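These notes concern the structure reproduced below.
The values are calculated or read from the model by the stated rules, or taken from the named source; none is laboratory data. Here the structure is a predicted model, which is why all the values come from computation and not from measurement. In this analysis, Cβ positions are derived from the backbone assuming ideal geometry, glycine residues included, and neighbour counts consider all displayed protein chains. When the accessible area is computed, the model is the full protein with side chains, heavy atoms only, and any ligands, DNA or RNA have been set aside. Shrake-Rupley method; radii C 1.70, N 1.55, O 1.52, S 1.80 Å.
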Amino acid sequence: DLTCRPGFPSMRARYPLTTSSMPGSSTAAPQLLAAPSVPRPFRGWIQSPAYDVSLLLLAPIVGLPFLLAPAESGSRLALVLCGLLGFPHYLSTFTFYFWDESRAYHRERWGAYFVGPTLIFVAFVILLLADQPPLLLPTILLLWNAVHVARQSCGVLSIYRHRAGIADPEAKAAANAAIVLASLWMCFANIESHAQAFPLLAAVHPRFLAWVRLALGGAALAALLRLGADSWRRTAEGRSMAAPEALALVSGLALFHPYLWIEDSARATLGMLLGHFLQYLGLVWLLHRRRFREDTGSIGQRVLFRLSSDLRMLVAAGLCAAGAVIGGYLLCLRLGFGNLFQVAFQVLVFNHFYLDALFWAFREPPVRARLAPYLVTG
């Protein structure tokens, strides 16, 4: 929920923000920021129609070149795309640790921000040793990934909805339920082709998957009907969706479409994720470009300023990261440590899922104060 809640001023006093951290502000007279409001903006786009549509709203079609490519080139192309988009996307999550103004908040919640990732690693290793053959971990990865991606679609839609001046909790609940449930239902469409998840789920009961599909399908249909009713109500009240919000809703509902027509679940997952990767990178880069306008602060924050202010340096850093992960994977395969690389990469992915829920938790006033001015009200 991006709207401000009672109690924010006390949090603001504990984690002060100065006007010098805001775009276009003066550094001569720093003062505490007011709690971010949600006015009706002049325009509904986060940046511009071209930027938003190409990087944020066309996510469902980004993976089509990969999905339509010949199957024999699939593994090599998947490795390159994971390196170019996937790995930088996972690493981008950790950039939030380098925000100077967040350090006090992170130290106060040290259990969540520092102990949590360690516990994720420990739990992963324990499950890895106990889960033989590995069926449980890949299933958890598939389902958590589906919820994680769907939740990002909900967050993007929420930004557009609030930029349109709509802070209605019912509109948020209806849209979020429709996106999450429809995404999960599509994720199960070709689950039989998933080498680990299908045997595990089928072992529960011969009819278990049929029941799951029926339950998810019924819940998704009910959620879509609720969303339709809410959209009708908003239209009747003169608050119908503008183009940015409508496109974000369609994008969120359609992102998981590869599961409906690609027989291979792993291939469909990557085809879906490519749009998610690009969307996330577009949001993080825009947030950092707006947030870091001066070369000041700690070394980490100054690096973020350099990367966000110079597109050539950002592309070079992304290519270096991609080259490192692709080269590292190929080297591990040659040396016989391919499984070890896979384990390390999956630990990174699980921590990305976990930390994203913290760094983008708009329900927390300090988080909302740091993000909302640059994405919602700015």
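Using a 10 angstrom Cβ neighbour count of at most 16 plus a DSSP loop assignment to flag exposed GluC sites (Glu not before Pro), which longest range of the chain is free of such sites?
By the stated rule (loop sites, at most 16 other Cβ atoms within 10 Å), 1-236.
In the chain, a dipole from Cβ-located charges (positive for Lys and Arg, negative for Asp and Glu) runs towards its positive end, and of ALA171, PHE188, ALA71 it is ALA171 whose Cα lies farthest in that direction. In segment 207-341, a dipole from Cβ-located charges (positive for Lys and Arg, negative for Asp and Glu) runs towards its positive end, and of LEU214, ALA242, GLY300 it is GLY300 whose Cα lies farthest in that direction.
Percent of accessible area on segment 227-378 owned by carbon and sulfur, 1.4 Å probe? Write down the numbers at each step before the final one.
Working: 4440 of 6740 Å².
Result for segment 227-378: 66 percent of the exposed heavy-atom area is carbon or sulfur.
Along each principal axis, taking the top coordinate minus the bottom one, the Cα set of segment 197-304 gives 61, 45, 22 Å in descending order. Computed over segment 262-378, the P(r) curve from all C-alpha pair distances, binned at 5 Å from the origin, holds 2, 9, 11, 18, 20, 17, 11, 7, 3, 1, 0 percent per bin.
With the helix formula -39500 (n - 2.57) applied to DSSP H stretches of n ≥ 4, the chain reaches a computed 222 nm mean residue ellipticity of -21000 deg cm²/dmol. Converting phi to 3J(HN,Hα) with the Karplus coefficients 6.51, -1.76 and 1.60 and the offset θ = phi - 60°, segment 189-201 yields 5, 10, 4, 4, 8, 7, 5, 9, 5, 4, x, 5, 6 Hz in sequence order, with x at every glycine or proline.
Where the only charges are on Cβ atoms (+1 Lys, Arg; -1 Asp, Glu), what is the dipole of the chain about its Cα centre, to the nearest 20 debye? Numbers along the way, then the final one.
Values: 31 positive and 20 negative charges, 175 e Å.
Computed about the Cα centre, the dipole is about 840 debye.
Rg then Dmax, both in Å and based on the Cα atoms of the chain: 21.4, 70. Its relative contact order, with pairs defined as Cα atoms under 8 Å and 6+ residues apart, puts segment 284-378 at 21 percent. Charge dipole (Cα centre; +1 on Lys/Arg Cβ, -1 on Asp/Glu Cβ; no other charges) of segment 278-378 amounts to roughly 200 debye. Full extension of the segment from TRP211 to ARG302, taken as 0.36 nm per residue of separation minus the current Cα-Cα distance, would add 27.5 nm. Accessible surface computed residue by residue for the chain, with neighbouring protein chains in place and a 1.4 Å probe, gives 47 Å² per residue.
Based on C-alpha pairs under 8 angstrom that are at least 6 apart in sequence, the chain has a relative contact order of 32 percent. Search the structure for amide H atoms under 5 Å from the amide H of GLY63, placed 1.01 Å from N in the peptide plane, and list their residues when 5 or more places away or on another chain. Under 5 Å from the amide H of GLY63 lie the amide H atoms of GLY275, each far enough along the sequence or on another chain. Computed on protein heavy atoms with a 1.4 Å probe, the accessible areas place VAL212, VAL250 in the order VAL250, VAL212, largest first.
For segment 148-226, count all C-alpha to C-alpha pairs, find those more than 18 Å apart, and express that count as a whole percent of the total.
Working: 1558 of 3081 pairs.
Across segment 148-226, Cα pairs with separations above 18 Å total 51 percent.
Between the C-alpha center of segment 215-246 and that of segment 101-162 there is a gap of 29 Å.
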